[in-house]
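J.: After the structure tokens below, expect a handful of questions from me.
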Amino acid sequence: MILRSSGFLHAVLGPTNTGKTHYALSRMVGHETGMIGFPLRLLARENYDRLAQLKGEEAVALVTGEEKIIPPKARWFSCTVESMPLDRKVKFIAIDEIQLAGDPDRGHVFTDRLLHARGEEETLFLGAEIMRPLLRKLVPGITIETRPRLSSLAYTEPVPLNRLPPRTAIVAFSAPEVYALAETIRQKRGGCALIMGRLSPRTRNAQIELYQKGEVDYLVATDAIGMGLNMDVDHIALSSLRKFDGRQHRPLTLQEIAQIAGRAGRGMKDGTFGTITGSETLSPETITAIENHDFAPLKQIYWRESFLDFSTPRTLLKSLQSKPPHSELIKGREASDLAVLEYLAASEKIINATHNPKTTRILWEVCQIPDFKKLGDGSHAQLCEKLYFHLLKEGKIPTDWIEGQLQHLNHCEGSIDTLMQRLQGVRTCSYIATHQNWLTRSTYWQERSFDVENRLSDVLHERLTARFINKRAVTLLKRDFSGHKSDLFHNVTKNGHILIEGHDIGQIKGFTITLDNCVNKAEEILLMKTARRALQAEMPVLIQKFLSGKFLDLSFGDHDIISWNGASIGRLKRGEGYFTPKISLFPGEFQDTHNYKIAQTHLQKLISTQIESLLSPFHEAWNESVHDPVLRGLLHRLKEDGGLTDKLGSDRNLTALKRKKLRHFGINIGERTIYCAFLFKHPVSPMLLRLHSLWHNGKKDLPGPGMIKLGSLTLSVIRLEQALRHIRKMQKASHQVQAPANLAAMLGIRQSSVADILKLLKIPCLPPRPLASGIYGPAAPLMLKSLRLHPIRAKTRTRKIKHHPVRDADSPFSILRTLSHKNNQK
């Protein structure tokens, strides 16, 4: 069963964290040449970087399905198990995680390396203790060494996500579950790094770097973390004990749980493992087995024929379906390459075109292109068929094809899943480009594919970081602030932004701290506490700036809000008088009641001073009327009524001198009202509008300042009184006169409403009348009646009285006759 048995055969078995990989690398570089196969591309790349740093890039090669870096003088090779160039003679060969021979999907590859991969001087297998019996049976002459774990591994009870300790890796078994857990960690703990098998090495390394540098304390990963990825993890939390293995949902095996749990605790540092609250719990037997590294050995591993018959596609297929030669070897699940071969071998077109070993080998090489996208729609098999016919007919895959593929994939728009899917497409191009015989200038296309992968990887890392990490929250939540002085660097910019460790956490608006969106209540409390510390020196300066400010620094908004420098600081409220509103200063970061009181006093002073400036003519009139109780009473009414009051009967007795005195100060006595004209001149002061609204509790149906309501119309008192004066002047004529053509404009109303307004004002008038039918000319206009009788009309109304001579002028009858005559004349 062993193809080559030369050299020393050795196995180092044991649990995770036993130093097996380090031992293998040390052994390899001790030989002149060597090759080591890892289960993941990520691991192959990681150890390639370690070897290149140790021995120099010119001495080290990387061989994976998507990358081939093989310097001319390369001596040591870091590979994935599937991509190991076993046709190259080397002194040393090692296979990592050899227990994966028990995996139903990939196990046949590890079994093949176990049986056939040999170094000329030394062959080393690394893996779990469960492989010991099978190694004894299948590899005669092998020596086996067991290494103990360098640190202990202990179980802890289930923990809720918001109580997980720092340096925890939460392990999930599907992409949606990884995203859901990462989002929860972002909300509760600030954020996390992500590790998934679908990530490119560049993205994976960037995410791990976030974790390793301590920028985040949590990691959410798939079970890919169990395959030797070395990070400073103290605790492993399993989100589930079941997984979908590509065929079915099944429970995790004991060895799978142990492999994942073993990532906790590195070097001499102990680790812990468990589950998260709400998931299944581990049984006592499972816990004991993992803590003691005591597992049942594997009895069988998966196998597939390695010596293939390339005569025809059908003979190739038959050889691949051969039965295992030994009871310890069993057939695994149908791999992707075999499934593609079965699909293509069923095509008569393929069979007719493939008629010799050379073309059959080309067909098999094409079938081995990995199905990275795993869409399950037959598209991968169709791609393989297309590429096969290109190679068969043209000898090469057209450069136009790979150019088009890379151009299509080289776009950074879309979601995280879209970017990941594009990266899988780039991996296909990279795999094809590593085959020198398939493409012209294959090295160029490898570099092009690598550039596109790096570009997409960087964008994916940025998207993952932006989506699942709140850097500000992480910075703050990692510190302990309970009763201790903050050691965080803080600063307040000129525009009021509060910076903590370079993170903008909010802004001081007016006298209030406005925080940016917080992850949770804990972060909000922490941010507020930190912001207040940052403002300890800033607030006295800010208050002093406010105290030296002017009214023009204030602005007013909806709901009577008062703003300063664009920020709300208080509100106007209805006071005891029309012109004496109350000021309510909002609570803020004043640090003590003294600062609050002096700020409120200053705000009240600014508002009161502005109102007093509006009323300055009024106050002059008040001061000039100190000794005139009649005028002071009138002025008092005006102030109570907002500068406009009804005219009372007693007001008609005001002397001309007093009226003139009032007019001098902008106070007019009209026919119906007395009003402060200086208050109501257009445009009306915004402050007066606010005072009016406050006094009337914001009622919308009341006339505004300087307005009166007549019927359904609202008129300006200044316009109305001016119009009345004009009308009365015209009515002094001895006959009816035509109303002014611009009377509607004078009143600020529609022409159709003029007659109704005059009627409400009890002004005698003749409404306009249309002409009778058949009569032409202008219609009869609106006419104002005279306030005194026309002489002609008075004469016609006077009854003629015969005058008789009065014999006794002093008699009662003579006096009565005289009075009657006078009355008739009136």
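J.: Can you confirm whether the stretch 402-418 contains a residue that is hydroxyl-bearing (Ser, Thr, Tyr), buried (at least 19 other Cβ atoms within 10 Å of the Cβ) and farther than 30 Å from Gln300 by Cβ? Walk me through it before giving the result.
T.: Here is the first cut: in the stretch 402-418, the residues hydroxyl-bearing (Ser, Thr, Tyr) are 415, 418.
Next cut, buried (at least 19 other Cβ atoms within 10 Å of the Cβ) only: none.
No, the stretch 402-418 has no match at all.
J.: Please tell me if Ile505 is in a strand (DSSP E or B), surrounded by 16 or more Cβ atoms within 10 Å (Cβ to Cβ) and touching a Ser or Thr at 6+ places or on another chain (Cβ under 8 Å). Working first, answer last.
T.: Values: in a strand (DSSP E or B): yes; surrounded by 16 or more Cβ atoms within 10 Å (Cβ to Cβ): yes; touching a Ser or Thr at 6+ places or on another chain (Cβ under 8 Å): yes.
The answer is yes for Ile505.
J.: Can you pull out every residue in the stretch 52-97 that is without any contact (Cβ under 8 Å) to a residue 60 or more places away in the chain and in a strand (DSSP E or B)?
T.: So in the stretch 52-97, the residues without any contact (Cβ under 8 Å) to a residue 60 or more places away in the chain come out as 52-64, 69-90, 93, 95.
Listed by number, the residues that qualify are Val60, Ala61, Leu62, Val63, Ile69, Trp76, Phe77, Ser78, Cys79, Thr80, Ile93, Ile95.
J.: Scan the stretch 756-765 and give yes if some residue there is more than 20 Å from Ile674 (Cα to Cα), outside any loop (DSSP other than H, G, I, E, B) and either open to solvent by 50 Å² or more (accessible area, probe 1.4 Å) or among the hydroxyl-bearing types (Ser, Thr, Tyr) (or both), otherwise no.
T.: yes
J.: Could you identify the single residue in Arg189, Arg167 that is open to solvent by 10 Å² or more (accessible area, probe 1.4 Å), at pLDDT below 90 and over 30 Å from Gly332 (Cα atoms)?
T.: After ruling out the rest, the residue left standing is Arg189.
J.: Does the stretch 556-574 hold any residues that are open to solvent by less than 50 Å² (accessible area, probe 1.4 Å) and without any contact (Cβ under 8 Å) to a residue 40 or more places away in the chain, and which are they?
T.: Selection gives Gly557, Ile561, Gly570.
J.: Among (1) outside any helix (DSSP H, G or I); (2) among the charged types (D, E, K, R); (3) surrounded by fewer than 16 Cβ atoms within 10 Å (Cβ to Cβ), which single condition is Asp371 missing?
T.: Every listed condition holds for Asp371 apart from (3).
J.: Could you give every pair whose Cβ atoms fall below 8 Å, whose first residue belongs to the stretch 285-297 and is more than 21 Å from Ile98 (Cα to Cα), and whose second residue is part of a loop (DSSP other than H, G, I, E, B) and modelled with pLDDT under 95, counting only separations of at least 6 or pairs across chains?
T.: Thr288/Asp294; Glu291/Ser152
J.: Select from the stretch 580-609 the residues that are assigned to a helix (DSSP H, G or I) and open to solvent by less than 50 Å² (accessible area, probe 1.4 Å) and list them in ascending order.
T.: The first filter runs over the stretch 580-609 and keeps only residues assigned to a helix (DSSP H, G or I), leaving 593-609.
Asn595, Ala599, His602, Leu603, Leu606, Ile607, Ser608, listed by residue number.
J.: Please enumerate the residues belonging to the stretch 605-633 that are among the β-branched types (Val, Ile, Thr) and over 56 Å from the mean Cα position of the chain (by Cα).
T.: Quick first cut of the stretch 605-633, residues among the β-branched types (Val, Ile, Thr) only: 607, 609, 611, 626, 630.
Correct list: Val626, Val630.
J.: Go through the stretch 622-668 residue by residue and tally those that are in a loop (DSSP other than H, G, I, E, B) and over 28 Å from Lys709 (Cβ atoms).
T.: At the first step, the residues of the stretch 622-668 found to be in a loop (DSSP other than H, G, I, E, B) are 625-628, 641-643, 647-648, 654-655, 665-666.
Keeping just the survivors that are over 28 Å from Lys709 (Cβ atoms) gives 625-628, 655.
Going through the stretch 622-668 one residue at a time, the tally reaches 5.
J.: Scan Ala117, Ala101, Ala11, Ala24 and give me the residue that is within 30 Å of Ala154 (Cβ to Cβ) and more than 50 Å from the chain's Cα centre (by Cα). Break it down stepwise before answering.
T.: Numbers: Ala117 fails: within 30 Å of Ala154 (Cβ to Cβ); Ala101 fails: more than 50 Å from the chain's Cα centre (by Cα); Ala24 fails: more than 50 Å from the chain's Cα centre (by Cα).
Checking each option against the conditions leaves just Ala11.
J.: Considering each residue of the stretch 192-211, count those that are open to solvent by 10 Å² or more (accessible area, probe 1.4 Å) and farther than 25 Å from Asp245 by Cβ, and give that number.
T.: 6
J.: Among the listed residues Glu385, Glu403, identify the single one that is part of a helix (DSSP H, G or I) and touching a residue at least 40 places away in the same chain (Cβ under 8 Å).
T.: Checking each option against the conditions leaves just Glu385.
J.: Residues that are of a type in the set (Phe, Trp, Tyr) and open to solvent by less than 50 Å² (accessible area, probe 1.4 Å): which strands (runs of 3 or more DSSP E) entirely in the stretch 262-349 hold 3 or more of them?
T.: Values: elements: 271-275, 301-303, 329-331.
Output list is empty.
J.: Is it true that some residue in the stretch 560-575 is at positive phi, in contact with a strand residue (DSSP E or B) (Cβ under 7 Å, 6 or more places away or on another chain) and not in a strand (DSSP E or B)?
T.: Yes, the stretch 560-575 has at least one match.
The values are calculated or read from the model by the stated rules, or taken from the named source; none is laboratory data. All figures in this text were calculated on a predicted structure; none of them were measured in a lab. Methodologically, a virtual Cβ is constructed for each residue, glycine included, from the backbone with ideal geometry; neighbour enumeration extends over all protein chains shown. Ligands, DNA and RNA are stripped out before the accessible areas are found, and what is left, the full protein with its side chains, is counted by its heavy atoms. Shrake-Rupley method; radii C 1.70, N 1.55, O 1.52, S 1.80 Å.
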